[in-house]
Amino acid sequence: MSKDPKPLPAHPSSGPPAHAPSGADFFVTRLEALVGWARKNSLWPFPFATACCGIEFMSVAAPHYDISRFGSEVMRFSPRQADLLIVAGTVTDKIAPVLRRIYDQMPEPKWVVSMGVCASSGGFYRAYHVTQGIDEIIPVDVYVPGCPPTPEELIYAIMMLQEKIASGEKSRDSRSARFAAEQTS
Amino acid sequence: MTVVADTALSPAAEKLQERLARSPLAGRIEVFGLDLPTLEVAPAEWPALALFLRDDPECRYDLFVDLFGVDNLRRRGPRPRFEIVVHLHSLPRNEHMRVRIRLESPDRPSLPTVTGVYPAAEWFEREAYDLYGFDFTGHPNLHRILCHDAFVGHALRKDYPPGQRWFCAEEDLRIPEWAKDTDERAGHFETQTVSIGPSHPATHGIIHLIARLDGERIVRAETMIGYLHRCFEKMSETHYWNQIVPYCDRLNYVSAMINGVGFVRTAERMLGIEVPPKGQLVRTILSEFSRIMDHCVCIGANLVDIGALTNFTYLYQNREQIYDLLEACCGARLTVSYVRVGGLAIDVPDDFVPRSRRLLETIPGFLADVEKLVYGNRIVRNRLSGTGVVTRDQAVAWGMTGPMLRASGVPYDVRRERPYDFYDKFDWDVPVSRDGDNFARYMVRMEEMRQSMKIIRQALDIFPSSGPVNSDDWRVVLPPKDAVYHDMESLIYHFKLVMEGIRVPAGERYEWIEGGNGELGFYAVSDGLGGPYRLRCRGPCFPNMAAFEKIILGGTVSDAVATLGTLNIIAGELDR
């Protein structure tokens with residue numbers, strides 16, 4: 001260590017901007033808008049990929065379509081670290097309680113994208129073992145049609161969800177919860 | 001149209017009859033020469049017959065292909081209510097055969113299990129129990145396998161309504177009895193039971209593995225499947241032949257095209273029609289491209305699981321480019337629904353050949369990149385070499401087919417052993433490895449991709465520049481739109497086909513092709529109406545996955561993850 005240390009030149013960003021008009025280094029916004037802006041650009045998806053849509057979801061994550069352009073490439077396989085549940089593929093009655101458990105384990109605030117017609121409505125599996133839409137058990141924010149949807153459609157769904165988050169709109173309850181509320185009221 | 005004759009014995013069936021004459025069961029088994037040599041047997045005789053068929057030096061039916069039920073409730077003719085159909089294959093003699101077991105008791109039919117003779121039968125029998133309610137006496141683990149455990153009734157019986165669902169709560173999901181018992185080795189503090197899945201990044205889809213560990217070693221394991229049971233077989237009983245093609249594409253959704261080809265071949269052979277050479281070549285080329293896509297996902301995902309992320313992006317680039325070709329042909333990327341009974345949905349685009357040739361130029365580059373990263377990589381070699389070993393005898397006993405069987409040293413490839421379309425005209429090799437470990441499976445798949453490209457190159461060389469892709473039998477294929485608008489006859493054919501479906505002659509048939517994971521078979525029973533009376537899909541994943549809980553014994557959990565990757569389990573095909 002030298003005896004006479006020289007001070008380093010100041011980092012250009014550490015001082016006040018050179019040409020800023022005086023008194024303008026702050027701005028006014030609503031807290032919700034700021035939080036919403038931050039949230040919508042850093043979604044952490046939990047890919048609940050069960051079937052064919054999961055392969056298309058891999059396409060969206062792969063370099064060609066590159067979901068990271070929308071700030072949501074950090075896939076988390078633990079629901080406790082995720083705030084966006086992407087249900088990609090058919091949900092059967094056997095996996096439905098597992099899906100509900102995963103949704104319950106996610107911390108608030110959380111959103112759900114139902115990717116593909118199977119997750120949205122059961123699709124063309126009008127059958128004895130297939131849940132006729134995941135909104136029977138969990139709330140859904142964006143439904144993506146298609147069997148499977150193209151990557152562009154999923155990206156569009158994420159953009160729609162970003163708008164929804166930015167506007168601070170609340171998610172609706174699941175179909176079964178709404179049904180239960182109607183029955184008790 | 002030819003009607004499958006129920007009477008005349010084929011030469012293969014005659015030979016089988018001669019061999020049976022020497023067995024202690026002679027005279028108690030009827031022989032039929034349908035599409036395959038068929039034996040009919042009473043339930044009590046079945047285990048003895050199975051033992052004879054497996055061990056007799058002139059039979060040697062060593063590969064257990066399939067076992068499933070048929071419900072004859074609504075079928076014409078004097079038949080018992082239930083039948084069980086078993087398909088066997090003889091590797092030394094390269095021959096399939098069928099055993100039909102008649103079950104007379106209508107409500108709860110029972111028969112002895114053959115798990116002692118054919119270990120591969122275990123899961124097939126569980127499936128038949130689940131979907132038909134057959135009671136296999138002596139079965140080691142007779143529980144539901146596809147439907148959840150709160151399910152009431154047996155879904156593939158003809159009197160079960162296709163849309164009847166049952167509510168399943170979390171506590172209804174079955175946990176094996178041995179896993180509940182926590183103090184199996186009390187005092188040994190390191191014994192513990194872990195549950196991997198159903199939603200776990202290493203399970204690729206939804207599979208549930210319950211394993212008991214002693215330290216790091218797996219001492220007992222059981223796999224739970226059925227989380228993606230989408231009722232394929234029930235759905236196909238309620239649809240017309242051509243409407244089933246989209247369902248087939250969603251069986252093995254990683255190589256969708258091959259499934260459709262396999263299914264329509266069954267219908268075409270029952271109808272006795274031929275697809276023109278151009279149509280066959282398009283099917284071949286796109287099937288081989290699909291095989292490349294399948295292996296790309298298998299290898300890429302497997303390497304991701306063991307920590308090598310880069311390869312996935314290289315391999316996935318292949319897929320994206322093949323998607324472009326498929327999209328140009330039919331408009332869809334993944335689930336193509338491109339084949340129809342008698343041909344294809346539409347003709348290929350004009351630039352099909354140059355597009356395919358361009359693909360053949362780019363794919364080897366990506367494969368070489370992966371090879372460079374993987375082949376000499378110490379970590380990959382340590383994780384894959386010597387883990388998940390399946391010996392030749394085990395692979396055969398567990399009913400494995402496809403790359404799994406070939407990596408264990410058996411050169412059984414349906415494209416070679418029973419060539420369909422143009423495969424016998426091309427020059428290509430069946431890659432085989434003797435090691436039977438995870439690395440061998442990786443190597444076999446890499447080589448198969450190269451062989452697929454070789455096949456595609458030769459197919460493109462003889463690809464006709466013009467000509468029809470569809471059969472001109474208008475009882476099967478929709479007439480051209482132009483003719484429909486201007487010609488009464490064509491309009492009638494069009495109307496009848498759309499409203500009533502294809503009238504496939506009554507009979508039964510099993511056709512099998514080489515899918516991405518092995519022998520992909522479709523067994524159809526037709527009663528002459530627009531849709532199949534019964535359609536059975538033999539998904540190659542099913543026996544492979546049944547063996548998983550045996551392969552991983554003695555290894556660590558991290559080995560099990562690597563092994564699951566090389567098994568290439570596609571849940572859509574596994575659970576159907």
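The values are calculated or read from the model by the stated rules, or taken from the named source; none is laboratory data. It should be emphasised that the depicted structure is a prediction, and the values quoted were computed from it without experimental measurement. Don't worry about glycine lacking a Cβ; one is built from the backbone with ideal geometry, like all the others, and counts go over all protein chains shown.
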Which members of segment B:198-207 meet the condition of being buried (at least 21 other Cβ atoms within 10 Å of the Cβ) and either over 26 Å from B:Arg538 (Cβ atoms) or facing chain A (nearest Cβ under 9 Å) (or both)? B:Pro198, B:Ser199, B:Ala202, B:His204, B:Gly205, B:Ile206
Which of the numbered conditions does A:Phe77 fail, given that it passes all the others? Conditions: (1) assigned to a helix (DSSP H, G or I); (2) within 8 Å of chain B (Cβ to nearest Cβ); (3) surrounded by fewer than 18 Cβ atoms within 10 Å (Cβ to Cβ); (4) within 16 Å of the chain's Cα centre (by Cα). (1)
In segment B:370-381, which residues are within 31 Å of the chain's Cα centre (by Cα) and surrounded by fewer than 18 Cβ atoms within 10 Å (Cβ to Cβ)? B:Glu371, B:Tyr375, B:Arg381
From the option list B:Ala571, B:Ala560, B:Ala483, B:Ala524, single residue qualifying as out of contact with any His (no Cβ under 7 Å at 6 or more places or on another chain) and within 14 Å of another protein chain (Cβ to nearest Cβ) is B:Ala571
Test result for B:Ala267, within 14 Å of chain A (Cβ to nearest Cβ), crowded, with 24+ Cβ neighbours inside 10 Å and either not in a helix (DSSP H, G or I) or not acidic (Asp, Glu) (or both): no
Going by the conditions given, is A:Leu85 touching a Phe, Trp or Tyr at 6+ places or on another chain (Cβ under 9 Å), among the hydrophobic types (A, V, I, L, M, F, W, C), more than 14 Å from every other protein chain (Cβ to nearest Cβ) and surrounded by 15 or more Cβ atoms within 10 Å (Cβ to Cβ)? no
Residue satisfying condition, being surrounded by fewer than 22 Cβ atoms within 10 Å (Cβ to Cβ) and over 30 Å from B:Ser10 (Cα atoms), within set B:Pro92, B:Pro106, B:Pro78: B:Pro106
Check on A:Tyr103, closer than 22 Å to B:Ile196 by Cβ, hydroxyl-bearing (Ser, Thr, Tyr), surrounded by fewer than 22 Cβ atoms within 10 Å (Cβ to Cβ) and at pLDDT 90 or above: yes
Could you list all residues from segment B:380-421 that are acidic (Asp, Glu) and on the phi < 0 side of the Ramachandran plot? B:Asp393, B:Asp413, B:Glu417
Count - residues of segment B:407-424 that are of a type in the set (Lys, Arg) and touching an Asp or Glu at 6+ places or on another chain (Cβ under 7 Å): 1
Consider B:Ile84 carefully, then state whether it is among the hydrophobic types (A, V, I, L, M, F, W, C), away from every other protein chain (no Cβ under 14 Å) and touching a strand residue (DSSP E or B) at 6+ places or on another chain (Cβ under 9 Å). yes
Of all residues in segment B:224-238, which are more than 7 Å from chain A (Cβ to nearest Cβ) and over 15 Å from the mean Cα position of the chain (by Cα)? B:Met224, B:Ile225, B:Ser236, B:Glu237, B:Thr238
Quick check on my filter: what residues within segment B:302-321 are part of a helix (DSSP H, G or I), surrounded by fewer than 22 Cβ atoms within 10 Å (Cβ to Cβ) and hydrophobic (A, V, I, L, M, F, W, C)? B:Val304
Where residues in segment A:127-185 are basic (Lys, Arg) and surrounded by 14 or more Cβ atoms within 10 Å (Cβ to Cβ), which of them is farthest from the other protein chains (Cβ to nearest Cβ)? A:Lys164
Right, B:Leu553: surrounded by fewer than 24 Cβ atoms within 10 Å (Cβ to Cβ), outside the structural domain of B:Ile258 (by TED's automatic domain parsing), among the hydrophobic types (A, V, I, L, M, F, W, C) and in a loop (DSSP other than H, G, I, E, B) or not? yes
Would you mention how many residues in segment B:33-61 are surrounded by 18 or more Cβ atoms within 10 Å (Cβ to Cβ), touching a residue at least 40 places away in the same chain (Cβ under 8 Å) and assigned to a strand (DSSP E or B)? 4
Within 26 Å of B:Leu146 (Cβ to Cβ) and touching a Cys at 6+ places or on another chain (Cβ under 7 Å): does that describe B:Phe522? yes
Quick one: count up the residues across segment B:175-192 that are surrounded by fewer than 16 Cβ atoms within 10 Å (Cβ to Cβ) and either at pLDDT 80 or above or closer than 30 Å to B:Pro80 by Cβ (or both). 4
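Yes/no per residue for (1) touching a residue at least 40 places away in the same chain (Cβ under 8 Å); (2) within 28 Å of A:Phe124 (Cα to Cα):
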residue	(1), (2)
B:Ser290	yes, yes
B:Asp294	yes, yes
B:Leu309	no, no
B:Arg319	no, yes
B:Tyr338	yes, yes
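Residue-by-condition table, conditions (1) within 14 Å of another protein chain (Cβ to nearest Cβ); (2) surrounded by 20 or more Cβ atoms within 10 Å (Cβ to Cβ); (3) at pLDDT below 90:
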position: A:Thr50; (1), (2), (3): yes, yes, yes
position: A:Ile55; (1), (2), (3): yes, yes, yes
position: A:Asp66; (1), (2), (3): yes, no, yes
position: A:Ala96; (1), (2), (3): yes, yes, no
position: A:Ser114; (1), (2), (3): no, yes, no
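Residue-by-condition table, conditions (1) without any contact (Cβ under 8 Å) to a residue 40 or more places away in the chain; (2) not aliphatic (A, V, I, L, M):
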position	(1), (2)
A:Ala38	yes, no
A:Arg80	yes, yes
A:Ala96	no, no
A:Ile102	no, no
Identify the single condition in (1) outside the structural domain of B:Arg54 (by TED's automatic domain parsing); (2) part of a strand (DSSP E or B) that B:Ile145 does not satisfy, given that it satisfies every other one. (2)
Which of the helices (runs of 4 or more DSSP H) found entirely inside segment B:420-513 contain at least 3 residues meeting this: of a type outside the set (Ser, Thr, Tyr) and at pLDDT 90 or above? B:438-461, B:488-500
Filter segment B:397-411 down to residues that are buried (at least 24 other Cβ atoms within 10 Å of the Cβ) and in a loop (DSSP other than H, G, I, E, B), then give me how many there are. 6
Single unsatisfied condition, B:Leu251 versus (1) surrounded by 22 or more Cβ atoms within 10 Å (Cβ to Cβ); (2) within 17 Å of the chain's Cα centre (by Cα); (3) in a helix (DSSP H, G or I): (3)
Find all pairs meeting these conditions: Cβ atoms under 9 angstrom apart; at least six residues apart or on different chains; first residue within segment B:384-410 and aromatic (Phe, Trp, Tyr); second residue surrounded by 21 or more Cβ atoms within 10 Å (Cβ to Cβ) and outside any loop (DSSP other than H, G, I, E, B). B:Trp398/B:Phe64; B:Trp398/B:Met404; B:Trp398/B:Pro543; B:Trp398/B:Asn544; B:Trp398/B:Ala546; B:Trp398/B:Ala547; B:Trp398/B:Ile551
